[in-house]
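These notes are about the structure you will find just below.
The values are calculated or read from the model by the stated rules, or taken from the named source; none is laboratory data. Bear in mind that the values here come from a model prediction, so they are computed numbers and not experimental data. As a convention, Cβ positions derive from the backbone with ideal geometry for all residues, glycine included, and neighbour counts pool all protein chains shown. Remember, those area values only see protein heavy atoms, side chains included, never the ligands or the DNA or RNA. Shrake-Rupley method; radii C 1.70, N 1.55, O 1.52, S 1.80 Å.
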Amino acid sequence: MRGIRPDAYYVSVLDIDPDVLVKRGYRAVLLDLDNTLQPRGASELSPEAIAWVQSLRDAGLGVALVSNSMRERAVRAAQALDAPLVRNAKKPFVRGYVRACAMLGVSCNQAVMIGDQSYTDVLGAHRVGMDAILVMPQSGSDPLHTHFLRMLDRRSVRGMRAIGSDS
Ligand SMILES: [Mg+2]
């Protein structure tokens with residue numbers, strides 16, 4: 001069981017090269033919204049985040065948002081990205097992952113989840129046999145930010161790889 005341990009980690013989604021994901025064999029990317037694509041509470045996505053999501057599609061990857069948020073904000077983000085949305089996904093329960101993969105026409109092991117929380121984003125992905133990439137929470141004031149930095153200090157992280165940096 002891989003549990004909460006991510007398959008790769010990055011400081012920001014913007015550091016993730018779509019071509020590397022394609023080379024890894026992924027066909028689709030499921031994206032968390034809050035603190036992954038935008039700081040929690042932000043009213044809209046940055047142009048950089050929108051451009052990065054488009055670069056995923058340009059590389060041939062399917063893209064869906066899988067958010068635990070029920071808010072209208074998640075709907076607006078999905079519209080801005082022109083991407084399907086599973087909101088109120090209740091990660092780490094598996095239903096949202098399965099639905100998103102069905103929307104994109106891929107099986108769960110062909111997709112990768114990208115999110116900022118081990119116990120929701122990563123754990124739920126692994127439950128459906130999907131790889132998961134952990135990114136640092138965008139909101140610097142979020143306690144998870146501190147948690148992430150501490151985690152990077154820990155020995156347990158040494159075995160992880162930043163998949164853009166291997167040769
Ligand atoms: Mg999040």
Every residue from the range 79-107 that is touching a Leu at 6+ places or on another chain (Cβ under 6 Å) and farther than 24 Å from H126 by Cα: A80
Which of the residues spanning the range 106-129 are open to solvent by less than 20 Å² (accessible area, probe 1.4 Å) and within 16 Å of the ligand (Cβ to nearest atom)? V112, M113, I114, G115, D116, S118, D121, V122, G124, A125
Single residue of R57, R71, R40, R76 found to be touching an Asp or Glu at 6+ places or on another chain (Cβ under 6 Å) and more than 21 Å from R127 (Cβ to Cβ): R40
Which listed residue, of P137, P143, is at pLDDT below 95, within 16 Å of the ligand (Cβ to nearest atom) and surrounded by 21 or more Cβ atoms within 10 Å (Cβ to Cβ): P137
A83 closer than 22 Å to E44 by Cα, assigned to a loop (DSSP other than H, G, I, E, B) and away from the ligand (no atom under 14 Å from the Cβ): yes
Condition check for A78: aliphatic (A, V, I, L, M), more than 18 Å from T36 (Cβ to Cβ), in a helix (DSSP H, G or I) and without any contact (Cβ under 8 Å) to a residue 24 or more places away in the chain: no
Any residue at all in the range 78-92 that's of a type in the set (D, E, K, R), under 17 Å from G115 (Cα atoms) and open to solvent by 50 Å² or more (accessible area, probe 1.4 Å)? yes
For the range 114-129, does any single residue satisfy the condition of being under 18 Å from L56 (Cα atoms) and touching an Asp or Glu at 6+ places or on another chain (Cβ under 9 Å)? yes
Subset of the range 43-77 (residues that are closer than 26 Å to V22 by Cα, within 16 Å of the ligand (Cβ to nearest atom), small (G, A, S) and open to solvent by 10 Å² or more (accessible area, probe 1.4 Å)): S46
Any idea how many residues of the range 3-15 are surrounded by fewer than 23 Cβ atoms within 10 Å (Cβ to Cβ) and either under 19 Å from A83 (Cα atoms) or among the β-branched types (V, I, T) (or both)? 3
Report, ordered by the first and then the second residue, all pairs with beta carbons closer than 7 Å, sequence separation of six or more or different chains, a first member in the range 15-42 that is at negative phi, and a second member that is of a type in the set (K, R). D34/R40
Have a look at P47, P84 and point out the one that is within 15 Å of the chain's Cα centre (by Cα) and over 13 Å from M130 (Cβ atoms). P84
